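Comments concern the structure below.
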Amino acid sequence: MNLSELWSYDFMRYALASALLLGPACALLGVFVTLRGLAFFSDALAHSAFTGVALAFLIQERTGWSVDPMVTVFVFSLVLAGGMAWLMQRTALGADSVIAVAFTGSVAAGAILITMLGRYRMIDGLLFGSIYANGPEELARQAGLALLVGGLILSQMRRLALATLSPELAQAQGIPTGWGNVLLVLLIAATVVVSLKMLGALLLSALIVIPASAARMACRSFRAMLGLALLGGVLAPASGVVASAGLDLPTGPCIVLANILFLVLCGLWKMGRVGLA
Amino acid sequence: MISASCLPAPSVFSCRAPLLRMENLGVRFGPQWALRGVDLHIWPGDLLAFIGPNGAGKTTLLRAILGLVPPAEGRIVQHRPDLRIGYVPQRLSLDAAFPLTVEEFLALNLRDSSAWFGGVPGKQRRAVREALETLQAAHLARKQLGLLSGGQFQRVLIAAALLRDPEMLLLDEPSASIDRRGTEELQTFLQDLHQTLGLTIVFVSHDLHLVHHLADRVGCLNQSFCGVGPPQEILSEPFLAAAYGAALAPRRFGFPLARS
């Protein structure tokens, strides 16, 4: 089956539309996630979905109440974020240790619960997702998420940038410290909820962190970083979907590798510009 | 407390209302007092320095003036509620790789930059250029912020504060991380700003040379208020001993102290 034949299928068009909606939204989110040093933190939140999903099944089995996993994923990721923030402030543990404990702990707890509930096969889907499991309803949700992330980040760009650069300067201009982190945590949690089914925890982390990291490495101005991250957020997921269809390879890993290729190209371009290549 | 803390305003200011009045100001963090008993007026056109050892409450005093820490006792009264105050923090611990040019950083500090996306539109660009030219730093516009030298960065921070058109400029340790030559340049352009723009300048510093040569008045702190007055009076043994301790003060500073 050649590429033009593949595009005649709805699932392929939906997959591409999904990549084009979620890629730039995640990249925009990633600009501030990486500048604030929250890459590992966002990774932990994405993986907390293991426990979030398992909790929905557990509640259903024990009480008979049907709970939408989106609700438990959202609530659990916020609880985990609050717990991590509390531990970082109140204990001598370093931020990276707290995140590692929360990350591995929530994946392990989720995997055990899911196995106990007899749904072990779900684990693969939670890690890698299935971008072909899209329909018009999912696309509408993703478009809503892209609008939410884009609207909030673009409208709060100045406050976020100043608070990221220097909490002290931001405070002196009446911008409360910590506010930006709360906004980012809420947006990451919303992104996890909406895109977990399509992207999985692993791919979601890659889409948030890699385009922004590549742009940060290559640029010395904020505007250039913003533009390049968005470009990566469009090109890498789209080319990952096309490559996976053309080469008959799993889509999630193809998108991650396309992102890494984008990062390598940005690195080479930067090295060429400063005369190291 | 030494009686000079209640010195009257210098005669040049006495016919005008103070910009700020601190009345028995005290700031506490938990059970610990960071600062207590500050009675002070800041006058239009003042060039006031605060000295004192580490932990004396100098930065806390600036933060209280900015309204960032609330008084635990006493109060700060502004002559006008809309007093515009510019703030230059100590050298920020910036990530050198943070992708932000000087021009973008300055635009970030403009009042009307709500739609800031890193870009600097025409009208704002003019304001940014003017602020940089005032500080003879126009050549830095396209440089990456994290790669500036200490002196260059200090100028950019002052330019950023000036963009908000302040009546009073607060500087926290402006000469920290600047070499001697840079400090002399800083002194010159702060004097220029004071004279040409009529700006009220309040700064805290450990650099008594800078304080000696730049300030018109000096306030002396050591968690409580030791005194305020002209430099030749405050930079003398009784006040320095009150702030830094009797054993350390006379030996610590490598310039001839004025004696009262």
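Numbers at a glance
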item	result
Estimated dipole of segment A:121-277 in Debye, rounded to 20 [Cβ of Lys and Arg +1, of Asp and Glu -1, Cα centre]	500 debye
Reachable lysines from A:Lys270, criterion Cα separation under 18 angstrom, eight or more residues apart if same chain	B:Lys143
Backbone N within segment A:189-209 under 12 Å of label point (7 Å from A:Leu148 Cα along the Cβ vector)	A:189-196
FRET E, pair B:Lys123, B:Leu92, Förster distance 35 Å, beta-carbon r, rounded to 0.05	0.85
Beta bridge orientation in the protein assembly as shown: antiparallel %, DSSP, nearest 5	50 percent
Chain A, accessible surface, carbon-and-sulfur percent (1.4 angstrom probe)	68 percent
Value at 222 nm in deg cm²/dmol, rounded to 500, when DSSP H runs of n ≥ 4 in chain A each add -39,500 (n - 2.57)	-28000 deg cm²/dmol
Point-charge dipole on Cβ atoms (K/R +1, D/E -1) for the protein assembly as shown, about Cα centre, debye to 20	360 debye
Over segment A:110-260, volume per residue of the alpha carbon convex hull, in Å³	136 Å³
nm² value of the averaged projected area, convex hull over the Cα atoms of the protein assembly as shown	30.7 nm²
Cα-Cα P(r), segment A:103-166, percent of pairs per 5 Å interval	3, 13, 12, 12, 11, 16, 16, 10, 5, 1
Qualifying chymotrypsin sites (Phe, Trp or Tyr not before Pro) in segment A:100-152, DSSP loop, other Cβ atoms within 10 Å at most 12	A:Tyr120
Listed residue (A:Leu230, A:Gly144, A:Phe128) projecting farthest to the positive dipole end of segment A:126-247, Cβ model	A:Leu230
Overall dimensions of segment A:36-82 by Cα: Rg and Dmax, Å	12.0, 42
Length-normalised contact order of segment A:3-202 in % [C-alpha pairs under 8 Å, at least 6 apart]	35 percent
Cα→Cβ-extended label distance, 7 Å offset, between A:Arg90 and A:Leu6, nm	5.1 nm
Paired Rg and Dmax values of segment A:3-202, which use every Cα atom, in angstrom	18.1, 59
Net dipole in debye of segment A:3-202 [+1 Lys, Arg Cβ; -1 Asp, Glu Cβ; about Cα centre; nearest 20]	300 debye
DSSP H segments from chain A that extend 20 Å or more along their own axis, Cα-based, with Kyte-Doolittle mean of 0.5 or above	A:10-35, A:49-63, A:69-90, A:95-116, A:136-155, A:179-218, A:222-247, A:251-273
P(r) of segment A:1-95 over all Cα-Cα pairs, binned every 5 Å from zero, in whole percent	3, 11, 13, 14, 15, 13, 12, 10, 5, 2, 1, 0
Most mobile of A:Thr177, A:Thr72, A:Thr91 in a GNM of chain A (Cα contacts under 10 Å)	A:Thr91
Label-point separation, B:His139 to A:Ala140 (7 Å along Cα→Cβ), nm	6.1 nm
Normalised per residue, the volume of the convex hull around the Cα set of segment A:127-207 (Å³)	85 Å³
Of B:Ala141, B:Gly52, A:Trp269, farthest towards positive along the dipole that unit charges on Lys, Arg, Asp, Glu beta carbons give the protein assembly as shown	B:Gly52
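The values are calculated or read from the model by the stated rules, or taken from the named source; none is laboratory data. Computed from a prediction, not measured in an experiment: that's the story for all the values here. Here the Cβ is made from the backbone with ideal geometry for all residues, glycine too, and neighbour counts use every protein chain on show. Please note that ligands, DNA and RNA were not included when accessible areas were found on the heavy atoms of the full protein model with its side chains. Shrake-Rupley method; radii C 1.70, N 1.55, O 1.52, S 1.80 Å.
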